[in-house]
Amino acid sequence: MQWEAVIGLEVHVQLATQSKIFSGASTAFGAEPNTQACAVDLGLPGVLPVLNEAAVAMAVQFGLGINAEIPETSIFDRKNYFYPDLPKGYQTSQMYHPIVGPGEVEISLEDGSTKRVRVHHAHLEEDAGKSLHEDFHGMTGIDLNRAGTPLLEIVSEPDMRSAKEAVAYIKALHSIVTYLGISDGNMAEGSMRCDVNVSVRPKGQETLGTRAEIKNVNSFRFVEKAIAYEIERQVELIEEGGKVVQETRLYDPEADETRSMRTKEEANDYRYFPCPDLLPVVLDQAYVDHLRDSLPELPSEKRARFESELGLSAYDASVLSSTRPMAEYFEAVKDSCGDAKLAANWVQGELAGQLNRENLDIADSPISATQLGGLIRRVIDETINGKAAKQVFMALWNGEGETADEVIEAKGLKQVTDTGAIEAMIDQVIADSPVQVAQYVEADEAKRGKMIGYFVGQVMKASRGTANPQQVNALLKQKLDQS
Amino acid sequence: MALEPEDVRRAAHLARLGLNDDEAERYVDDLSRILDMVDRLQAVDTQGIAPLAHPLDATQRLRADEVTEPNQREHFQHCAPAVENGLYLVPRVVE
Amino acid sequence: MHDKTLTELATALAAGEFSSRELTESLLARIERLDGELNSFITVTAEQALQAADAADAARAKGEAGPLAGLPLALKDIFCTRGVRTSCGSKMLDNFVSPYDATVVEKLAAAGTISLGKTNMDEFAMGSSNENSHYGPVKNPWDLTAVPGGSSGGSAAAVAAGLVPAALGTDTGGSIRQPAAFCGITGLKPTYGRVSRYGMVAYASSLDQAGPMARSAEDCALLLGTIAGHDLRDSTSVARGVPDYRAELEASLSGLKIGLPKEYFGDGLAPEVEAAVRDAIKVYESLGASVREVSLPHTDLAIPAYYVIAPAEASSNLSRYDGVRFGHRCENPADLEDLYKRTRAEGFGDEVKRRILIGTHTLSEGFFDAYYKKAQQVRRLIRQDFLDAFEDVDVLMGPASPTPAFDLGAKKDPVSMYLQDIYTIAINLAGIPGISVPAGFASGRPVGLQILGPHFAEQQLLNVAHQFQQATDWHRRQPAFGKENA
């Protein structure tokens, strides 16, 4: 039988606010335990929440970024349950009236095609703290620094059909939130966390199969592997006559498998009700319009513009628009050198290769976009040839000069175009290579084309790479043919 | 709506309130009488009436995104029953 | 000194008749002598009070004293006070020394007032008799066999007994007005959102409101002006200017339209209470007011709606008492569930448990619509009753409670206790302000006249109450209790 997977995702994105969603405590990552847990975060008796404007603005920006409806009114609810990292015994969330309504995310698949994934809604909520299990005489330690960090939970429709589509969706979300600057998107630090719902059904069947939820999968790679494993597990189970049970599972990256969470817990009853300490959030149209007007160009728009206006290939446009730092770098190089295609080649070629070798992010590139642009300008105006350009690039990478011009000057890499100087070098090479000259003279026209390479090489070497190769070629041919 | 002992046990568990059997029985009785009194609500026709969560028709005011709260960990942990290395301690949580 | 109003004491301090230290020492001595029997205080902060009194006297010597400087007060033990135990009447918080001050506590301290201590109350403000306190019941100074009312019973008893000229209370369903009525003092519940709730231990967040309890409406006006106002830490506090609540106290009541809700004069109202209230209304007529009957048709639904909404909010608000970050924690918990269940079983009293269970049950799956949603719809109907009534009249008047203070131990059944709050509870559901003023006696126990106004009509309520107190002297009556021992 042909099986089809049905996948939906709930992605929690940590918003890049300075302070928490309901308190003035810092959200900075990595502080000493409980040093960023204020009275409100600790849920001390009598404290009250006050909503952070930036969290609201970021949620709305996300909504606008996925063309979602932004309802005029959203309401915070309490989700009640006991857990040591949940100080108040409830999480403040939005159950019935989320801040972002239905929207759409365009994902790019490996074959170059695109697909739209519907977003059911996105809502604001507060994060919980962390439980630390090591080394407290059999006790668990609770750190509430993270408690109250603003989260945007983005809930998709079950529109994905493969692990790859799911990964493409998360990458698209990652790209949107980092473009908007509403999250650092750092998955290793938990800034994006995914819960994945997976079910399978015979291809062509309308009704959905029973789904399993895989909690807290925190990297692109693990999402793909966890889903792939889970699909296989469910198909095998059904084919062997078993039944999928609705349950929560955990992905174990080391064993590369999902496992049922051992829960003696009865079905949860969160007793949602509107939080009486917070009033309805009402967004007036002017506020939403203002946020819409200040929205940056988003990845899908950028990709389209790179193709249509700059004439880049679909592949180049997609790669160069994939992250905001990448796109910004590329555009700065392009603006500096004035040639989009050359800029694209350099950013994806020499620069990407070198970054890759040294495992660096484009944001940490030792060569600035202005430096690279300056280098490309010297290629365009033929001050240096291609070979010298690579030398200049490495020199700039290694910090051996501030600008391409400085390096060219210091290393004497300026292309030699003075015919007299090149002729002198050619004469010397011919004089030093009697055997090769003799062979050349005897060879027929077809072979001569290949043999000239030797002489070009020698002349370039003599010029330490600075001679204009086209000129060398032409002059050599003249001289040798006269020999 | 009649209240069953099971309802009280379930609520007690959700609320993490330890109850012994005697107490549970007593609460079934108390709570049943309270719910009988509350059940007067069921006779009211409330169709089309929006629930009222706050007595004033006010809307949420927003706070500027600024860090205003300094670290007061030691001060806040004075009143904590069990703390070590700045962490609150609870019996081991099995995940 | 103990029988003076706050306003009179302020005048005396300003005139140098005595110092704040002398006043404070005299009241502390009175507390020492009398409160063993009354049990109106949970914690007396004598040392801090004397320091604050000296500071107020020093400020006065330098000519820097404000109008409230050096005046002693008491705080219901529901307000967080930095460095001082804040128990909320519960074993759960018996060991809780608050690391921060409530906004109202900060405001009162900034005005130079002096807190003598924290007053007794029903645990987590749940009760109408002050018998639900972990620290034992408070007695009514008018009759030591009677309850003082609740939940702000300690504040009411302390003011009535002359232990302190004024106190702060909180009112979720009548917890300022009913004990004020039972103890023969004046108590004001402001409009919801008028006073910050930050630092006030939450019972039912959409109903809770702090307010003054004192010997006169004038004193309540003085205190309300100090504690009212928008607070950036409380989203539900209202951004609206604070008027001078004393400015209109002397305004004439000629032409005032008073409505008498017929539902507040029906079955269950003790005849002596009704007589006292009707007499009070005659006083108003003599002051130029007109009186007409009005109807609040959903009155009988207020208690049912309240006992869904308040316990639901409470069940969630009280989840933070888990033995992890503050408060009581059971000995040697075996595991997490044991920690929670035993801590909470040991830390909470009976009434608190009842309300947590009711609230948890009514919010749970399958019951939410029938109870919670229904109660909130009914809440809108109840509010509408008041809004409609205030189209026709300026204020509403009636009894604060159907009976005078009942005997300690008289109401064993929770439901019969709840029904006591028939005239006060709807006011919290609607969010409007209400004040109880002394209006006579029934069987030797005080009777309170309740006056209600539209949202933010505190200035008018205080004017209406003050004019009554200019025409009568019920508010100046004092129980024998203090005198015998004086």
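The values are calculated or read from the model by the stated rules, or taken from the named source; none is laboratory data. On a predicted model such as this, the values are computed, not experimentally measured, just so you know. Positions of Cβ are generated from backbone atoms using ideal geometry, with glycine treated the same way; all protein chains shown enter the neighbour counts. Note: accessible area is taken over every heavy atom of the protein model, side chains too, but ligands, DNA and RNA are not part of it. Shrake-Rupley method; radii C 1.70, N 1.55, O 1.52, S 1.80 Å.
Pairs please, first residue from the range B:76-95 and farther than 13 Å from A:Leu144 by Cα and at pLDDT 95 or above, second anywhere and open to solvent by less than 60 Å² (accessible area, probe 1.4 Å) and charged (D, E, K, R), Cβ atoms under 6 Å, 6+ apart in sequence or on different chains. Final answer for the pair search is B:Ala80/C:Arg325; B:Pro81/C:Arg329. Residues in the range A:28-39 that are surrounded by fewer than 24 Cβ atoms within 10 Å (Cβ to Cβ) and more than 7 Å from every other protein chain (Cβ to nearest Cβ) were compared, and the one that is farthest from A:Glu153 (Cα to Cα) is A:Ala31.
Number of residues in the range C:139-157 that are over 27 Å from C:Ala314 (Cα atoms), hydrophobic (A, V, I, L, M, F, W, C) and surrounded by 24 or more Cβ atoms within 10 Å (Cβ to Cβ): the value is 1. Looking across C:Ala275, C:Ala270, C:Ala280, one residue alone is small (Gly, Ala, Ser) and crowded, with 23+ Cβ neighbours inside 10 Å. It is C:Ala280.
Which residues, taken from the range C:107-138, are buried (at least 24 other Cβ atoms within 10 Å of the Cβ), part of a loop (DSSP other than H, G, I, E, B) and not β-branched (Val, Ile, Thr)? Passing the criteria: C:Asn120, C:Met121, C:Asp122, C:Met126, C:Gly127, C:Ser128, C:Ser129, C:Asn130, C:Asn132, C:Ser133. Here the condition is being at pLDDT 95 or above, under 15 Å from C:Val294 (Cα atoms) and either out of contact with any Lys or Arg (no Cβ under 6 Å at 6 or more places or on another chain) or open to solvent by 10 Å² or more (accessible area, probe 1.4 Å) (or both); of C:Pro399, C:Pro404, C:Pro438, it holds for C:Pro399 alone.
Going by the structure shown, is C:Gly211 crowded, with 22+ Cβ neighbours inside 10 Å and free of Cβ contacts under 8 Å to residues at least 60 places away in the same chain? Judged against the criteria, C:Gly211 is a match. Screening C:Ala53, C:Ala69, C:Ala110 for residues that are over 30 Å from C:Ser316 (Cα atoms), free of Cβ contacts under 8 Å to residues at least 24 places away in the same chain and more than 13 Å from the chain's Cα centre (by Cα) leaves exactly one candidate, C:Ala110. Only one entry in B:Arg10, B:Arg40 is more than 7 Å from chain C (Cβ to nearest Cβ) and in a helix (DSSP H, G or I), namely B:Arg10. Which of the residues that make up the range C:203-222 are under 20 Å from C:Pro179 (Cβ atoms), within 14 Å of another protein chain (Cβ to nearest Cβ) and in a loop (DSSP other than H, G, I, E, B)? Listed by number, the residues that qualify are C:Tyr203, C:Ala204, C:Leu207, C:Asp208. Scanning the range C:291-310 for residues that are facing another protein chain (nearest Cβ under 10 Å) and not hydrophobic (A, V, I, L, M, F, W, C) returns C:His298, C:Asp300, C:Pro304, C:Tyr306, C:Tyr307.
Each row is one residue, and each column tells you yes or no for (1) open to solvent by 10 Å² or more (accessible area, probe 1.4 Å); (2) in contact (Cβ under 8 Å) with a residue 60 or more places away in the chain; (3) over 17 Å from B:Glu23 (Cα atoms).
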| residue | (1), (2), (3) |
| --- | --- |
| C:Gly327 | no, yes, yes |
| C:Arg342 | yes, no, no |
| C:Lys353 | yes, no, no |
| C:Leu357 | no, no, no |
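When C:Gly323 is tested against (1) touching a residue at least 60 places away in the same chain (Cβ under 8 Å); (2) of a type outside the set (Phe, Trp, Tyr); (3) touching a Leu at 6+ places or on another chain (Cβ under 6 Å); (4) more than 8 Å from chain A (Cβ to nearest Cβ), just one condition goes unmet, and that condition is (1). Residues that are buried (at least 17 other Cβ atoms within 10 Å of the Cβ) and not in a helix (DSSP H, G or I) occur in the range A:389-411; there is at least one.
Evaluating C:Ala14 against the criteria (1) surrounded by fewer than 15 Cβ atoms within 10 Å (Cβ to Cβ); (2) under 24 Å from the mean Cα position of the chain (by Cα); (3) within 24 Å of C:Leu224 (Cβ to Cβ); (4) not β-branched (Val, Ile, Thr) leaves one unmet condition, (2). Within the range C:223-256, if we keep just the residues that are outside any loop (DSSP other than H, G, I, E, B) and open to solvent by less than 20 Å² (accessible area, probe 1.4 Å), the residue that is farthest from the other protein chains (Cβ to nearest Cβ) turns out to be C:Leu223.
Just one of (1) surrounded by fewer than 21 Cβ atoms within 10 Å (Cβ to Cβ); (2) touching an Asp or Glu at 6+ places or on another chain (Cβ under 6 Å); (3) under 30 Å from A:Asp316 (Cβ atoms) fails for A:Lys115. It is (2). Check whether at least one residue in the range C:345-354 is in contact with a Ser or Thr (Cβ under 9 Å, 6 or more places away or on another chain) and of a type in the set (Lys, Arg), and report yes or no. Looking for residues that are in contact with a Ser or Thr (Cβ under 9 Å, 6 or more places away or on another chain) and of a type in the set (Lys, Arg), one finds none in the range C:345-354, hence no. The residue pairs whose first member lies in the range A:97-112 and is of a type in the set (Asp, Glu), whose second member is open to solvent by 10 Å² or more (accessible area, probe 1.4 Å), and whose beta carbons are closer than 7 Å, counting only pairs six or more residues apart or on different chains, are A:Glu104/A:Asn67; A:Glu104/A:Arg116; A:Glu104/A:Arg118; A:Glu106/A:Thr114; A:Glu106/A:Arg116; A:Glu106/A:Ala172; A:Glu106/A:Ser300; A:Glu110/A:Lys164.
Only residues that are in a loop (DSSP other than H, G, I, E, B) and touching a His at 6+ places or on another chain (Cβ under 7 Å) were counted in the range A:72-106, giving 4.
Is it true that C:Asp219 is in contact with a Leu (Cβ under 6 Å, 6 or more places away or on another chain) and either at pLDDT 95 or above or open to solvent by less than 30 Å² (accessible area, probe 1.4 Å) (or both)? Yes. Here C:Glu346 meets each of (1) open to solvent by less than 10 Å² (accessible area, probe 1.4 Å); (2) at the interface with chain B (Cβ under 10 Å from one of its Cβ atoms) with one exception, condition (1). Taking the residues in the range C:90-100 that are open to solvent by 50 Å² or more (accessible area, probe 1.4 Å) and assigned to a loop (DSSP other than H, G, I, E, B) as candidates, determine which candidate is farthest from C:Glu313 (Cα to Cα). Result: C:Asn95. Candidates in the range A:1-29 are the residues that are in contact (Cβ under 8 Å) with a residue 40 or more places away in the chain and among the hydroxyl-bearing types (Ser, Thr, Tyr); of these, the one that is farthest from A:Ser162 (Cα to Cα) is A:Ser23.
Only residues that are more than 7 Å from chain B (Cβ to nearest Cβ), open to solvent by less than 10 Å² (accessible area, probe 1.4 Å) and closer than 10 Å to A:Arg271 by Cα were counted across the range C:360-387, and they come to 2. Applying the condition of being surrounded by fewer than 19 Cβ atoms within 10 Å (Cβ to Cβ) and either of a type in the set (Ser, Thr, Tyr) or without any contact (Cβ under 8 Å) to a residue 12 or more places away in the chain (or both) to the range B:19-33 and asking which residue is nearest to the other protein chains (Cβ to nearest Cβ) yields B:Arg33.
With respect to the conditions (1) open to solvent by less than 10 Å² (accessible area, probe 1.4 Å); (2) assigned to a helix (DSSP H, G or I); (3) over 24 Å from A:Asp277 (Cα atoms); (4) not aliphatic (A, V, I, L, M), C:Ser316 lacks only one, and its number is (3).
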